[in-house]
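The values are calculated or read from the model by the stated rules, or taken from the named source; none is laboratory data. All figures in this text were calculated on a predicted structure; none of them were measured in a lab. Glycine also receives a Cβ, built like all others from the backbone with ideal geometry; neighbour counts cover every protein chain displayed. Heavy atoms of the whole protein, side chains included, go into the accessibility calculation; ligands, DNA and RNA do not. Shrake-Rupley method; radii C 1.70, N 1.55, O 1.52, S 1.80 Å.
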Amino acid sequence: MKDFITALDPNYQLDKYHIKNNVAVFYISSKMSEVKCPYCGTLSSKVHSSYEREIQDLPMQNRKVILLVKTRKMFCSNCKCEKKTFSECHPFVENNGKKTRRLVQNILFTSAQLSSVNAAKILKSNSIEVGKSSICSLLKKMPSIVDKSSVKKVCVDDFALRKRFSYGTVMVDLESHKIINLIPTRNTNEVKEWLSKYPNIEVISRDGAQLYANAAERSHPGIT
Ligand SMILES: [Zn+2]
């Protein structure tokens with residue numbers, strides 16, 4: 001369980017947890033004594049008060065996971081700052097988000113392949129609670145910011161909605177760690193065709209299956 005939190009963010013610790021029915025609740029908090037003011041950037045260690053934020057995370061052993069994240073309200077120590085107090089931001093979640101970034105990524109992987117109704121059903125069977133409308137709004141935010149024609153270093157890997165079952169291939173920009181594209185196949189020829197559309201790629205990392213090594217060699221002969 002500690003590893004689960006360390007993987008989320010190494011600066012956070014697990015304070016306690018309980019499991020009830022099919023929900024695991026983790027109480028976590030930051031180990032950092034100083035917090036940066038989001039308005040002026042000054043570090044502060046003067047705590048005003050604290051509260052808990054409830055954030056859904058990736059499921060664990062088929063259980064829904066809720067993080068109760070201790071969130072400190074701090075005094076800003078910069079007297080010139082426009083704010084007297086501010087709330088601690090957590091790097092693994094958007095400022096007003098209810099889901100961790102890694103959970104949002106997982107939802108996007110699934111939803112890019114399916115209608116939002118089916119995606120919601122499949123995710124639910126994987127203990128991820130998300131409505132169809134919230135999938136739609138996540139998809140709208142999905143980064144088309146990655147300029148496919150300028151990306152140079154990518155990693156191709158398979159992705160699975162459930163362990164042991166692969167559903168497709170995802171291409172990730174190694175520099176920004178953003179998803180560039182995904183396709184619902186692991187077939188060497190189809191992956192080769194897909195990679196061929198990106199003559200700009202200079203480096204293809206494919207730690208996993210041999211099929212990706214073959215596809216990469218055929219679509220971009222001679223690259224590393
Ligand atoms: Zn400030």
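Observations, loosely collected:
- The number of residues in region 63-106 that are aromatic (Phe, Trp, Tyr) and closer than 15 Å to Asp9 by Cβ comes to 1.
- Single residue of Ile55, Ile128, Ile66 found to be within 22 Å of Val170 (Cα to Cα) and either touching a Phe, Trp or Tyr at 6+ places or on another chain (Cβ under 8 Å) or of a type outside the set (Phe, Trp, Tyr) (or both): Ile128
- Checking the stated criteria, Val47 turns out not to satisfy the condition of being more than 10 Å from the ligand (Cβ to nearest atom) and under 22 Å from Arg102 (Cα atoms).
- Scope region 55-86; condition open to solvent by less than 70 Å² (accessible area, probe 1.4 Å), in contact with a strand residue (DSSP E or B) (Cβ under 7 Å, 6 or more places away or on another chain) and within 12 Å of the ligand (Cβ to nearest atom); matching residues: Met74, Cys76, Thr85, Phe86
- Residue list for region 2-51, filter: touching a Leu at 6+ places or on another chain (Cβ under 7 Å) and open to solvent by 80 Å² or more (accessible area, probe 1.4 Å): Lys2, Glu34, Lys36
- Enumeration of residues in region 143-162 that are within 25 Å of Ile128 (Cβ to Cβ), at pLDDT below 75 and either touching a Gly at 6+ places or on another chain (Cβ under 9 Å) or not aliphatic (A, V, I, L, M) (or both): Pro143, Ser144, Asp158, Phe159, Ala160, Arg162
- Top-ranked residue in region 181-222 [being basic (Lys, Arg) and under 25 Å from the mean Cα position of the chain (by Cα); ranked as surrounded by the fewest Cβ atoms within 10 Å (Cβ to Cβ)]: Arg186
- Some residue of region 30-39 being part of a loop (DSSP other than H, G, I, E, B), away from the ligand (no atom under 16 Å from the Cβ) and touching a residue at least 60 places away in the same chain (Cβ under 8 Å): no
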